[in-house]
Every structure is written in structure tokens, then in C-alpha cells.
Amino acid sequence: MTVLILTTGTHGDIAPFIGLGRRLRDSGYDVAIATYAAFAGQVRSSGCEFRRLTGDPSQLGVAEQGRLKKPGPGDTLRAGRWLKNIVQHVEELSGDLVTAAHQGADLLLCCGLTTFYGYHLAKALGIPSMGLALQPLHPTGDFPPPIGAPSLGRRGNRALGRLMFTTGLTPWRSSPRFCRELGVPALTTAQTLRQTARERWPVHYGFSPTVVRRPADWRPGIEVVGYWWPYEPPGWQPPRELVDFLDRGPEPVRVGLGSGGDPRDREEISALLATALRRAGVRGIVQSGWAGLEVTGDDVLTIGDVPHRWLFPRTAAVVHHVGAGTSGAGLRAGVPAVTLPTFGDAPFWARRLVALGVSPGFVPLNKADPDRLAGLIRAAVDRPGYRARSRRLAAALAAEDGAGRTVATVRRLLDPPGPHRPTTIDLGARAADPDRDVSGG
């Protein structure tokens, strides 16, 4: 039986689902992952089938939202343009989603921007589906939605969470146009949220309940299962230059922004990091990331991609942009964190790391200065409490099996086993004749 994972986003958004796909494959399922061509090699190396979605993750505007610029009156307008572009991008993906499903699927795992699109597609095909997410998006009074907002109290938090879905200001968007083309009820984002609640549509959140406890006011069917760790190809070896640098002195501090930086700010951010590391008096490993960061010196090494699971445990602390995946990797490694949040869910995770006692604090990237960053680095390295709490949390994460819990739910959704073949959906015919039934019954 074939499980099809629909997923979009940057590397940190995709990698956990590739890891989950591999776990499903090891459990006896055929697994296909529909995502961008940029990740085709990673998908195939995991043993999963690659199915192409049109788009380039570097063009999603993530870097633009994380520019090293001071806050100003134009931020709201820029964020509005970014959201509009994202909405248009997902609409453009709709045909690719149908094509991917037509290549064979018995169950859809719907992730990221494709979540509600995949839910409606599965309805049209008559096959089961479930939602997967890396950030806690369902409304709750326990905390505000992960959009950078501070807590507004229980009523305010829940109201803001609902407003996100009412106004469509959420990564989970529904398209009435797409629904009509599929021949299913044309539901808005808020209507889809209500329908999935009535059906108790299963949703798994791929982070640890030790990091964010499941809110008691969430409906049945929503679970916090634990992290889905990225797939690591066997036989990977670190560059000799990196091994030699680690062997030459005390544990360094790893610094990187992943997809959170912008190449236009390369020199300014690199200079900021170089000065902060020097003033903190620590050795540093800088990962270049999307911004192409480069810091040179006797006590600093700039490198490219290296698996977090290998690198992070060999460091004294990690400085990062607080993506969900990188945050989890740091916790798994048992090392303290200093964070430079940009936008989206980054401030949410930055606050959680402080609340957990594994981070001395954070400074937004566009407000960072070398002295403040150096002070946080020194606190993370010098104060043993951060390291001790990080290690205790890492031990708790090691006892969890998020992928195993999701595999168990997939098994229940596909039991009793039986052939579920996608119904042919003619989007062209639906667009030409909106009254024609192409839902397959």
C-alpha cells in the first residue's frame, strides 16, 4: 500500500517528513513524497519515491522576511505581500497535488501549506488522510498561535488562534476554488477547520510533549507525538577539515541561520557573528546556510551542510534561527541554545527554549548587536545549569518515538487493508464545466 506525503517549505520543513517517510518504508509501506525538485536527491536517498511539485524553496520569501533590517512601518505591508505570494504559490501547486495522487496513493499525509488542500483531495479520491505539522497551529488558551505574538491570556490566545483560521492567516489554507474543481463542498479555511473538528480528523504534531505539552482544550484526534528526526544516510563521513578543527581545542560554539538569513545581508551578518564570537572568547563553527555566511580566523571555521545530529553534540552551545527542526536538534543533542529569531514561529520556539531553562535568552536578528549576542553566548557556555537542563531534556527525548506513534496511526487508518485507487480528477473539465461531477461519487 502506498502512503503519499505532500509537503512544502524549506529544508527544515521537509527533512522531518523524509525521516518519517523512511520509517514508514521500514514498516512495510510503499512511500512517495511530493515536494520540490530541490529535495529530490534527499527523498530518493531515503528509499522513498520522489514526486515533483513545482517551485523553488529559496523563492518562498523566507529570506526576505528575515532581512537584517530594523523594524519599520513597512513591515506589515511586506508581510502582507509575502502572504499573498504564498497563497498564490499554493494555488499554483494544486494541479501538481492531483498529479502526484494520480500516480498512486492509498493514504495522504498532508503537511505544511498543502494540509487542507490534501484533506480535500483525499475526500475527492475516497481515501483516508491525516494532517502533520511541526508547529502547534490549532487554537488553544494555553499559548498564543506561533506567529510571533505574546501571550494574551487564555481567552485572548484562543481568540487569536481562531482569528488566524477565520482570516486565512495560517499555513493551513483552504481554497473553495480547488474544492469546486475536485467536486467536493467548497469550504473556506475556517469552515474546513470546523469540519475536520466534527470528523475528529487525525492530526499529529511532530514535536515533543516535553517541549510543548498537549493543550487540554484541543479536540480529540489531535496529538503531540514527539519529533520526527531527519533521515541520515549510512556511511556519511565528516570533512577532514572539520574533524581537525574540533580536535585542536575546546568545544566550539556552532552558529548558523539555516534559511533564516538573506544573501544580501551576508557581509553584515558575518561581521556581527565574527565580532560576537571574538568578544565572547570562544571558538566557533559557522554554517553558511542560505545567506552564504563566511567568517574566517584561527578560532573560527566556516562549513556547509553537516548533519545536526553529528555536529551539535560536539559543541558547547548552538546559536540558531529557531526553526522547529533546528530547535529540536539542539534539544536532542543536550546542548544550550542562543537564538536569533526572525519571523513566523521562531519567536514562539525562542520563548519555549528560555522557559525550559536550556537557553539564557534570545535577541531578534534585526535587533542583534555583538555585545548582547556575546553576553548570551558566554552565559550559555559558562553557567552549568543550562547544560544540565539540556542533558536532562535530551534524555527525555531519547525515550520518545514520534515516528513510531505516527506509523501506528497510519496502520489504523489503512486497516482493514484494501485497495484504494485514486479516482481520476479532470481539473480541466471541472474548470470548463463547474456543474460536472468529477468526484467519482
With the requirement that a residue be closer than 23 Å to residue 385 by Cβ and of a type in the set (D, E, K, R), what does the range 287-339 give you? 314, 332
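Conditions tested, residue by residue: (1) β-branched (Val, Ile, Thr); (2) touching a His at 6+ places or on another chain (Cβ under 6 Å); (3) farther than 24 Å from residue 344 by Cβ; (4) modelled with pLDDT of 95 or more.
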residue: 8; (1), (2), (3), (4): yes, no, no, no
residue: 22; (1), (2), (3), (4): no, no, yes, yes
residue: 31; (1), (2), (3), (4): yes, no, yes, yes
residue: 46; (1), (2), (3), (4): no, no, yes, yes
residue: 67; (1), (2), (3), (4): no, no, no, no
residue: 72; (1), (2), (3), (4): no, no, no, no
residue: 76; (1), (2), (3), (4): yes, no, no, no
Can you say whether residue 315 is more than 19 Å from residue 208 (Cα to Cα), over 23 Å from the mean Cα position of the chain (by Cα), surrounded by fewer than 19 Cβ atoms within 10 Å (Cβ to Cβ) and among the hydroxyl-bearing types (Ser, Thr, Tyr), as far as the supplied structure shows? no
Could you tell me whether any residue of the range 344-356 is touching a helix residue (DSSP H, G or I) at 6+ places or on another chain (Cβ under 6 Å) and either within 22 Å of residue 268 (Cα to Cα) or assigned to a loop (DSSP other than H, G, I, E, B) (or both)? no
I'd like to verify a number: residues in the range 167-198 that are farther than 21 Å from residue 85 by Cβ and either touching a residue at least 12 places away in the same chain (Cβ under 8 Å) or among the small types (Gly, Ala, Ser) (or both), how many? 14
Spot the failing condition for residue 187; the list is (1) under 25 Å from residue 226 (Cα atoms); (2) in a loop (DSSP other than H, G, I, E, B), and only one is missed. (1)
Among the residues of the range 87-108, are any surrounded by fewer than 22 Cβ atoms within 10 Å (Cβ to Cβ), in contact with a Ser or Thr (Cβ under 6 Å, 6 or more places away or on another chain), assigned to a helix (DSSP H, G or I) and at pLDDT 95 or above? yes
Give the number of residues within the range 192-241 that are among the small types (Gly, Ala, Ser) and crowded, with 20+ Cβ neighbours inside 10 Å. 3
Counted residues in the range 330-347 being surrounded by fewer than 24 Cβ atoms within 10 Å (Cβ to Cβ) and closer than 23 Å to residue 133 by Cα come to 6
Residue in the range 279-290 that is under 25 Å from residue 380 (Cα atoms) and out of contact with any strand residue (DSSP E or B) (no Cβ under 8 Å at 6 or more places or on another chain) present: yes
Quick check on my filter: what residues within the range 362-393 are of a type in the set (Gly, Ala, Ser) and crowded, with 17+ Cβ neighbours inside 10 Å? 368, 374, 375, 379, 380, 390
Step by step: first the residues of the range 120-154, then only those that are among the aliphatic types (A, V, I, L, M) and more than 20 Å from residue 347 (Cβ to Cβ), then the one that is surrounded by the most Cβ atoms within 10 Å (Cβ to Cβ). Which residue is that? 121
Filter the range 275-301 down to residues that are surrounded by fewer than 19 Cβ atoms within 10 Å (Cβ to Cβ) and either in a helix (DSSP H, G or I) or hydroxyl-bearing (Ser, Thr, Tyr) (or both), then give me how many there are. 5
Test residue 171 against the criterion of being farther than 30 Å from residue 19 by Cα and part of a loop (DSSP other than H, G, I, E, B), and give yes or no. no
Output the qualifying pairs, or none if there are none: Cβ atoms under 7 angstrom, residues six or more apart or on different chains, first residue in the range 395-413 and part of a helix (DSSP H, G or I), second residue among the β-branched types (Val, Ile, Thr). 396/210; 397/210; 402/225; 405/225; 406/225; 410/3
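The values are calculated or read from the model by the stated rules, or taken from the named source; none is laboratory data. The model shown is predicted, which means the values in this text are computed figures rather than measured ones. Neighbour counts run over all protein chains shown; Cβ positions are idealised from the backbone, glycine included.
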